[in-house]
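Below is one structure, written out as structure tokens, with a few remarks after it.
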Amino acid sequence: MAHIWRMIAQRLGFGLLTLFVVSIIIFGATELLPGDFAQAVLGQAATPEAVANIRRELGLDQPVYVRYFDWLFGVMQGDFGTSLAQRGRPVSEMIMSRLGNTFFLAIYAAAMAVPLALTLGVLVALWRNSLFDRVANSTALSAISFPEFFVAYILIFVLAQSGYFPSMARMPAGADLGEKLYRAFLPALTLTLVVTAHMMRMTRAAIINLLASPYIEMARLKGMRPSRVIIRHALPNAIAPIANVVAINLAYLITGVVVVEVVFVYPGLGQLMVDSVSRRDIPVVQAIALIFAAAYVLLNLTADVISTLSNPRLMHRT
Amino acid sequence: MNASTRNPGLTRRGLLKSAGAIGAAGLILPASYRKAMAEPKRGGTFRIGFGHGNTTDSLNPALWDQAFVQVLGNTMHNYLTVIGADGQLEPELAESWEASSDAATWTFKLREGVTFHNGKDLVAADVIASLNHHRGEDSASAAAPIVEAITDIRADGDKVVVITLQAGDADFPFILSDYHLPILPAEDGRIDYDNGIGCGGYILESFEPGVDAHFTRNPDYWKSDRAWFDRVELYAILDSAARQNALITGEVDVIDRPDLNTIHMLERAGVNIISVSGTQHYTFAMDSRADPFSNNHVRLALKYGVNRQQMVDTILSGFGVVGNDHPIGRSNRFHADDLEQREFDPDRARHHLREAGLDSLTVDLSAADAAFAGAVDAAVLFSESAAQAGININPVREPSDGYWSNVWMVKPFSAVYWGGRPTEDWMFSTAFAAGAPWNDGFWEHERFEELLRAARSELDEDLRAEMYFEMQQIVRDEGAIVIPMFSDYVMATADNVMTPDQIGANTTLDGVRATERWWFA
């Protein structure tokens, strides 16, 4: 078990380093974009005087490295600064409600997609090359091949214009869980359709791969039912690749759903990130980038821990 | 300033034709819309979906730009003056005003009995602090140029404000209706915009930038015949398909900027389309300092080389009118109705090229959809029509991101959006006066400057009209801006949304006053 703890500590250390590098890259990349906050927020109405005054007020006239280290020291003390656009509002407060929305949608979609994908994956492995396998595969592949917004529009056309579900996933203040689930159903379903195929096919491939192993043949020869062979003997050994693909898809559900947010008018982090980049609101961009990077780091770490735990050979390596 | 409203069954073209036949002054409404003239009544939650809204929006009026925050401002705040639906200036917090004989000193008498949402009475100090928010050396306000002419503001008692200008300006009270200039309560000579307190018809309940804003009706509002709704909710719905779906599925009651390409589908879904022709126009700005645009014959060749009607039909799907290379809209007071409309004429374009000593001309035209929706397509259309006159326009697709800082007024020939201004002087001073920060043609004209100054301080309406007519002609024939089209303000409303029979044409959503002027059936 000590081996696991050491791995976690080591990986968290590397994770911090990753976040540091990400913060430099994002800061640099935002600097490389043409224009800055003052120009972006004034837009067509920008005059040189107003731009200069905003820059001076916000300290944007300082050199890049001064601004970066100011920001970095703030972050080390747990202060992510204030948004350039709303001086009275700490970034953390701005992000919190959006983060909650993003997690809610990600968990909602994952709660539908992961069981569905794993069940389908096991079933298609069990009945591989049957009609069921082909139909399930081609349906899932078509769902993943359409762009997300197209899937979303189809769902709106079928399920929202007929009045079953709302086309806008906005949450009224004080909505209870039932209403939240109802209002966010279409975006969650869209995401489910988008991520299911990947996980399902990976499950299928991992299981089928194992089915050629001698110990599976042994199990079959002693007369075990095919479903039992797969669930008892193949699946536990397929956990590592499955955990990895699930982690990647969960990370995607947190970081990559801006298109779905826009189509369903869902106030999540993706939209905030895009807006902040377009207005060069660097403190907000940085904070969100760190959250996204941390999501990848932590989910990958979790996947690795699960695969290690699921594999006694890795557990007992010294 | 016609509000043309239609229901399914009445085609836009038919409507426009009959409007033209009867005369542009008539108000044409289908019979089913007569109910709009019913008496307004209270109640309901009014929800608007906007094609704008950004997480960097704020309550700071100095940084307001697009329709979402303009409506936000006009919902929670009042202004000294307001532009009525008929385009005339109406008193709001200023009950009355008068000018000195040179129009350089203005005395505004404030309305009695107006209170802010926190119960504080409106006094002169509030007005002074609210205007000073945009003035001075340190001003970071987008409205700084329009209040630049103010040299002094002082109170004369609690209810009178005296404003002194550098020079006479007969239209000065119009400036005070600008959406950047709401009146907020002052504390120690400054305004605290973050607390969201105003004296408008609705009280701000919550504001999540880039997402939504919620209001409840102000029970103490001083206007008894305005602000009919119990609640108002504004939503940012940037995706046009999502916006239209929200209207069709009843999530919102009104949307602005419906997608003109698919608007016929909205009509089938049983919603009303409101289209108002106002001051909003799309232009191509030429840098008159740079060759070849420094030669007026080249500029004229380009002006004759654009097929205006084709642009209105394709880029605006017919929701607009052709422009005449000057920025004054048909709804403006001093629009030169008699000025001959410039038409697409490849022969004259060739003639002007020859006059400029050129056989052919090749120029790059920068455009991006940030300039206006369809700007890149418009540049391509321009290039096609100009090709018939031997002019090679090479449309360059620029990134939308940073367009206003890196392309506009930087590249010599670029596509531009103008919301227009309610007065001639304001529009000309903003974008055509020598040295003005947004003079995007970098254009200077002696006679024009002379007229601009004379007309500004002239109080005789007939003389002013004459001067503004001449200025429109000068800009049309010698200006550095191709103005091919004026774009209507287009909105779509649910069946039960009622509007007055005249809708403001100075900007979208009834002069961004829909929350105050409209009601539910």
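The values are calculated or read from the model by the stated rules, or taken from the named source; none is laboratory data. All of these numbers come straight from a predicted model, not from anything done at the bench. Here Cβ is always computed from backbone atoms with ideal geometry, including for glycine, and neighbour counts include all displayed protein chains. Just so you know, the surface numbers come from the protein's heavy atoms only, side chains and all, with ligands and any DNA or RNA stripped out. Shrake-Rupley method; radii C 1.70, N 1.55, O 1.52, S 1.80 Å.
Points worth noting:
- At q = 0.10, 0.11, 0.12, 0.14 Å⁻¹, base-10 log of I(q)/I(0) for the stretch A:152-292 (Debye sum, equal scatterers on each alpha carbon): -0.54, -0.62, -0.70, -0.82
- Chain B shape via C-alpha gyration tensor axes, a/c threshold 1.5: oblate
- Chains A and B together bury roughly 3300 Å² of accessible surface, counting both sides and using a 1.4 Å probe on protein heavy atoms.
- Once the Cα gyration tensor of the stretch A:1-128 is diagonalised, semi-axes √(5λ) in Å: 41, 22, 15
- Residues losing 50 Å² or more accessible surface upon assembly, the stretch B:236-271, compared with the chain by itself, 1.4 Å: B:Asp239, B:Asn245, B:Thr249, B:Glu251
- With the cut-off at under 15 Å, measuring from each backbone N in the stretch A:2-23 to a point 7 Å along the Cα-to-Cβ line of A:Leu314 picks out A:2-12.
- Rolling a 1.4 Å probe over the heavy atoms of the protein chains gives the stretch A:99-278 an accessible area of 45 Å² per residue.
- Inter-label distance, B:Gln341 to A:Trp5: 8.4 nm, where each label sits 7 Å from its Cα along the C-beta direction.
- The reciprocal of the average 1/r between distinct C-alpha atoms defines the Kirkwood hydrodynamic radius, which for chain A equals 22.5 Å.
- List of the stretch A:29-43 residues, accessible area with partners at least 20 Å² below that of the chain alone (1.4 Å probe): A:Pro34, A:Gln39, A:Val41, A:Leu42, A:Gly43
- Note on the protein assembly as shown: Lys pairs 8 or more places apart or on different chains, Cα atoms under 19 Å apart, count 8.
- Taking a ≥ b ≥ c as the square roots of the Cα gyration tensor eigenvalues, the stretch B:78-195 comes out rounded, since a/c falls below 1.5.
- Semi-axis lengths, Å, the stretch A:224-316, gyration tensor of Cα atoms, sqrt of 5 times eigenvalues: 38, 17, 6
- Semi-axis lengths, largest first, of the ellipsoid equivalent to the protein assembly as shown are 54, 31, 29 Å, with √(5λ) applied to each eigenvalue of the Cα gyration tensor.
- Highest mean packing first, where packing is the average number of other Cβ atoms within 10 Å per residue, the peptides A:105-117, B:147-159 line up as A:105-117, B:147-159.
- On the stretch B:44-93, 44 percent of the accessible area sits on carbon and sulfur atoms, based on a 1.4 Å probe.
- Annotation: per residue accessible area for the stretch A:3-81 equals 58 Å², rounded to a whole number [probe 1.4 Å, protein chains only].
- Apportionment of accessible area to carbon and sulfur, the stretch A:99-278, percent (1.4 Å): 70
- In Å², nearest 10: area of A:Tyr182 left accessible to a 1.4 Å probe: 100
- The dipole here belongs to the protein assembly as shown: it is taken about the Cα centre, uses +1 on the Cβ of Lys and Arg and -1 on the Cβ of Asp and Glu, and is about 5480 debye.
- 1.4 Å probe accessible area per residue over the stretch B:78-195, in Å²: 40
- Shape call, the stretch B:372-462: gyration tensor on alpha carbons, a/c limit 1.5: prolate
- Ligands, DNA and RNA aside, B:Asp102 has an accessible area near 80 Å² when probed at 1.4 Å.
- Charge sum, other residues only, whose C-beta stays under 10 Å from B:Thr279's C-beta, Lys/Arg counted +1 and Asp/Glu -1: +2
- Highest average packing first - B:133-142, B:280-289, A:217-226, Cβ atoms within 10 Å: B:280-289, B:133-142, A:217-226
- Alpha carbon centroid spacing (whole Å) that separates the stretch B:110-149 from the stretch B:391-443: 29
- Fully extending the segment from B:Asn392 to B:Ser360 would add 10.8 nm, taking 0.36 nm per residue of separation and subtracting the current Cα-Cα distance.
- In order along the stretch A:233-246, phi translates into HN-Hα couplings of 10, 7, 4, x, 7, 8, 4, 4, x, 5, 4, 5, 6, 5 Hz, rounded to whole numbers, per the Karplus curve 6.51 cos²θ - 1.76 cosθ + 1.60 with θ = phi - 60° and x for Gly and Pro.
- Calculated [θ] (222 nm, deg cm²/dmol) that DSSP helices of n ≥ 4 give over chain B, each run adding -39,500 (n - 2.57): -7500 deg cm²/dmol
- Across chain B, the mean sequence separation of Cα contacts (distance under 8 Å, 6 or more residues apart), normalised by length, yields a relative contact order of 22 percent.
- Within the accessible area of the stretch B:189-289, the carbon and sulfur atoms contribute 43%, probe 1.4 Å, all protein chains present.
- In this structure the amide hydrogen of B:Met498, modeled in the peptide plane, comes within under 5 Å of the amide hydrogens of B:Trp519, B:Phe520, B:Ala521, none closer than 5 places in sequence on its chain.
- Relative contact order computed over the stretch B:78-195 (Cα-Cα under 8 Å; 6+ residues apart), in percent: 31
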